[in-house]
1. Specify which of the listed residues (101, 124, 150, 108) is out of contact with any Gly (no Cβ under 6 Å at 6 or more places or on another chain) and not in a helix (DSSP H, G or I).
2. In this structure, is residue 134 more than 24 Å from residue 208 (Cα to Cα), at pLDDT 90 or above, among the polar types (S, T, N, Q) and part of a helix (DSSP H, G or I)?
3. Tell me which residues, restricted to segment 2-49, are among the acidic types (Asp, Glu) and surrounded by fewer than 17 Cβ atoms within 10 Å (Cβ to Cβ).
4. Taking the residues in segment 176-205 that are in a helix (DSSP H, G or I) and under 18 Å from the mean Cα position of the chain (by Cα) as candidates, determine which candidate is surrounded by the most Cβ atoms within 10 Å (Cβ to Cβ).
5. I'm trying to understand the selection: among the residues of segment 132-147, which are without any contact (Cβ under 8 Å) to a residue 60 or more places away in the chain and in contact with a strand residue (DSSP E or B) (Cβ under 9 Å, 6 or more places away or on another chain)?
6. Is it the case that segment 151-161 has a residue that's within 29 Å of residue 87 (Cα to Cα) and out of contact with any His (no Cβ under 7 Å at 6 or more places or on another chain)?
7. Do we have residue 160 as open to solvent by less than 50 Å² (accessible area, probe 1.4 Å), among the polar types (S, T, N, Q) and either closer than 29 Å to residue 72 by Cα or part of a helix (DSSP H, G or I) (or both) here?
8. Checking residue 116 against (1) closer than 21 Å to residue 203 by Cβ; (2) open to solvent by 40 Å² or more (accessible area, probe 1.4 Å); (3) not in a helix (DSSP H, G or I), which test does it fail?
Amino acid sequence: MFSSEVISTFNNLDYNVYNYILNNGNQVIYMRIRDLATATHVSTSTILRFCRKVGCDGFSEFKVKLKLYLERESEEDVKGMKEFAYEFMERTLKGNLDEVITEAAQTIAKAHHVLFVGFGSSGILAQYGARYFSSLGKFSIAINDPYFPINAQQLDNSITIALSVSGESPQTVDQVTRLKEEGSKIISITNTKSSTLAHLSHIVIPYYATEERRKIANLPLNITTQLPVMYILEATAREVYKLT
């Protein structure tokens with residue numbers, strides 16, 4: 001509701017109104033314009049100018065938009081982890097996950113080089129995966145830079161393990177495409193088998209978690225649980241250890 005472009009136009013009086021609304025939004029939707037003016041120590045004219053700056057014709061329209069905004073925010077409550085744990089056990093562990101992990105481990109065990117690719121939160125997990133595999137004797141490196149230089153000679157008999165919740169991240173897809181073109185085999189750990197990343201992969205390990213998104217300061221964030229990814233990474237690393 002309050003974009004960075006709009007906030008940049010605020011003066012000191014506007015900031016008084018803005019900060020009060022942020023802290024007392026549930027009360028503001030029931031206030032009269034005079035009440036808000038008194039509470040923020042500004043004039044009613046200042047309130048009306050503030051409303052126009054945020055795209056409203058008047059205070060009444062502003063209160064309607066504010067109420068809708070607050071209702072939408074309240075609907076984005078974060079679910080408890082037990083729900084995702086049960087979902088993972090029901091949707092994924094009861095399927096053929098063990099067979100796919102074994103297939104992936106057999107392929108990884110034969111590789112000379114193991115590269116983990118991911119960006120954002122998946123980049124953090126890529127680093128964790130590389131460290132975990134290395135701790136179990138299979139030296140690996142993580143790439144979380146979309147401009148990381150790739151030398152084809154260093155990719156001889158290599159495996160790329162790509163991490164992406166959606167499987168549609170442009171940076172991940174571009175990097176995996178480059179690695180595949182240079183001869184690296186691709187194993188993807190992603191949420192669905194129908195994504196672009198999955199179609200680029202030789203082996204796909206999907207985990208089918210319910211995607212969860214929310215906004216913070218108008219920035220869309222994917223907060224889908226990474227619990228299945230952690231399980232898959234550690235289970236695969238342990239299988240590779242048994243084979244080497």
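The values are calculated or read from the model by the stated rules, or taken from the named source; none is laboratory data. All of these numbers come straight from a predicted model, not from anything done at the bench. Please note: Cβ atoms are built from the backbone with ideal geometry, for glycine as well, and neighbour counts cover all protein chains shown. These area figures cover heavy atoms from the full protein model, side chains too; ligands, DNA and RNA do not enter into them. Shrake-Rupley method; radii C 1.70, N 1.55, O 1.52, S 1.80 Å.
1. Matching residue, one of 101, 124, 150, 108: 150.
2. Considered against the rule, which asks whether it is more than 24 Å from residue 208 (Cα to Cα), at pLDDT 90 or above, among the polar types (S, T, N, Q) and part of a helix (DSSP H, G or I), residue 134 comes out as yes.
3. Correct list: 5, 35.
4. 197
5. 134, 139, 140, 141, 142, 143, 144
6. Yes, segment 151-161 has at least one match.
7. Answer is no for this residue.
8. Looking at each condition in turn, residue 116 falls short on (2).
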